[in-house]
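The values are calculated or read from the model by the stated rules, or taken from the named source; none is laboratory data. Just so it is clear, the structure is predicted and the values come from calculations on it, not from any experiment. In this analysis, Cβ positions are derived from the backbone assuming ideal geometry, glycine residues included, and neighbour counts consider all displayed protein chains. Accessible surface is based on the protein model in full, side chains and every heavy atom, while ligands, DNA and RNA are left aside. Shrake-Rupley method; radii C 1.70, N 1.55, O 1.52, S 1.80 Å.
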Amino acid sequence: MNRALLKVLIIDDDEDDFFITNSIIEELNSKNIVVDWTPSFVKGLESYKNDLHDIYIVDYLLGAKTGIDFLISVSAFENKKPIIMLTGKGDQNVDKQAMTFGAYDYLVKNDLTSSILERTMRYSLDRHAANKKLAESEAKYRSIFERSRDMIFITDPAGIFLNANESATRILGYSRSDLIGMNIISLISQNDQKKTLQYHIDNLMDISDLECTISSQNKQSKICLLSIIFQSDKENNTIIQGLIHDITKRRKAENDLATAEKLAVTGRVVRMIGHEIRNPLTNINLSLEQIEFETKENSELLMYIDIIRRNSERINSLITELLNSSKPAELKISKKSINTVVQQALELVADRIHLKNVNLVTRFSTDICDISIDDEKVKIAILNILVNAIESMPEKNGVLEVDTRGEDDFCVLEISDNGCGIPADQMGKIFDPYFSNKQKGTGLGLSTTHNIIRSHNAIIDVSSEVDKGTTFVVKFNFN
């Protein structure tokens, strides 16, 4: 053995047996071995707990205690140094027990020789070094597993969760115990994505960065990249190892930037068109006044003049509306209660709610402070969401839910309906100017809402499922 210094502790309540064992060690002619002895079970435990020796040679019989008791007692300690058990008489059951509870070897005193003991000690040290290296490796990868910002998980071949790291709670709101027994496919919101994942699982096909929408425990939608690989465990059973990377914020930032760019381009076009239309419109109105003056006694012509005037005013109003929707909102900031602003918006749609027989459910939190907003602008933004929600619901059995609450550093407003929902292929367009599913819609309502919310440096999220409903979540910073 090439160790600089090897400390051995013999734990044996029979001093004669200690001398015999020590003499066998001395036959190794190694100056690098230092042997200590204690007849005390308790002192042996203290040495092991304090990591004072490299190898522990423990007699099976230690007065009222046994070597098995020693193995059981030290199993709770972080120190895992090799333990070799000695016995005066071989016993197969004791042998099995000793190995089960962690002994590195089990030797019979009558058969003990220097060569047997040297080999046992050498193998024990090598095995201990290998176990230590393995434990360090496992600790390193366990740390990577636990600290990863991505959700790392293991499922059985059918997709049933077997384990997951702590990021499952951060990303999806589920604890490990919540996830165990759930099927990963049940978390996917979109049917086409469910079918894609099911196909890969059924055919044992790996997936790399499948973009999918996952429903969290609180029913919020998360846009994630899902990757899975099929592997075999120690028992040669097939398992799925997977990773879920949350890109919700990234996608939202991309969508917000795209919407802002669209608004900027649209604003320039609208201002140009408004200028070009208003100039000839002014001439039309001036000419109309002159014609009216010259034909004021012709009632038939006056009727047509009135039609032209009303449509001219309508064109002018549309231009004003277009210009207002595309320019940045000018805010008059003051401290306001979000509950008050929401209640005022609900009063403005009270008739619509009544006419459609919508069941209104409000849950206003009373423990959130006022926020800095332009209450009139925010009221318009909320009103647009409420009108869309009411119009999307059926004549009967409509349910409109409005919640306010505090969440981390945000004051949160959540508006949910059980209406027709928004198709997945249209979700990315709902804030685009002039995009509308309504026959007579201008497509400016949600665009204006988005503009107002962004001007407050607030966050607006939307999730929807066709034939089930839509949820808008607006988050204002507490300040």
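Observations on the structure shown:
- Computed from phi, the 3J(HN,Hα) profile of the range 417-423 under the Karplus parametrisation 6.51, -1.76, 1.60 (θ = phi - 60°) reads 9, 10, x, 6, x, 10, x Hz, with x in place of Gly and Pro.
- Converting phi to 3J(HN,Hα) with the Karplus coefficients 6.51, -1.76 and 1.60 and the offset θ = phi - 60°, the range 227-232 yields 10, 9, 9, 9, 9, 10 Hz in sequence order, with x at every glycine or proline.
- Protein accessible area in the range 1-110, 1.4 Å probe - carbon and sulfur %: 48
- Those GluC sites (Glu not before Pro) in the range 5-59 that DSSP places in a loop and that have at most 14 other beta carbons within 10 Å: 27
- Among the listed pairs 429/475; 336/475; 81/133; 377/429; 335/429, those beyond 25 Å (Cα-Cα): 335/429
- Taking θ as phi - 60° and the Karplus parameters 6.51, -1.76 and 1.60, the scalar couplings of the range 150-160 work out to 8, 7, 10, 9, 10, 10, 7, x, 8, x, 7 Hz in sequence order, x denoting glycine and proline.
- Degrees between helix 375-392 axis and first principal axis of the chain (Cα, 0 to 90, nearest 10): 90
- Mean shadow area of the range 1-146, taken as a quarter of the surface of its Cα convex hull (nm²): 9.2
- Loop sites in the range 96-187: trypsin sites (Lys or Arg not before Pro), DSSP, at most 15 other Cβ within 10 Å: 149
- Within the chain, the percentage of alpha carbon pairs spaced more than 38 angstrom apart rounds to 56%.
- Magnitude of the charge dipole, the chain, Cβ model with Lys/Arg +1 and Asp/Glu -1, debye to 20: 1180
- Average accessible surface area per residue within the range 1-135, 1.4 Å rolling probe, Å²: 56
- Rolling a 1.4 Å probe over the protein heavy atoms of the range 199-294, with every protein chain left in place, gives an accessible area that is 54 percent carbon and sulfur.
- Using the 1.4 Å probe convention, the accessible area of the range 230-377 works out to 68 Å² per residue with neighbouring protein chains retained.
- Relative intensity, log₁₀ I(q)/I(0), of the range 298-396 from a Debye sum that treats every alpha carbon as a point, q = 0.13, 0.20, 0.21, 0.23 Å⁻¹: -0.70, -1.05, -1.09, -1.16
- Heavy atoms of residue 275 accessible to a 1.4 Å probe, total area in Å² rounded to 10: 110
- Amide H to amide H, with H built 1.01 Å from N, residue 364 comes under 5 Å of 404, counting only residues 5 or more places away or on other chains.
- Highest-first arrangement of 331-343, 289-301, where packing means the average Cβ count within 10 Å: 331-343, 289-301
- By DSSP, the beta bridges lying fully in the chain are antiparallel in about 70 percent of cases.
- Within the accessible area of the range 329-479, the carbon and sulfur atoms contribute 47%, probe 1.4 Å, all protein chains present.
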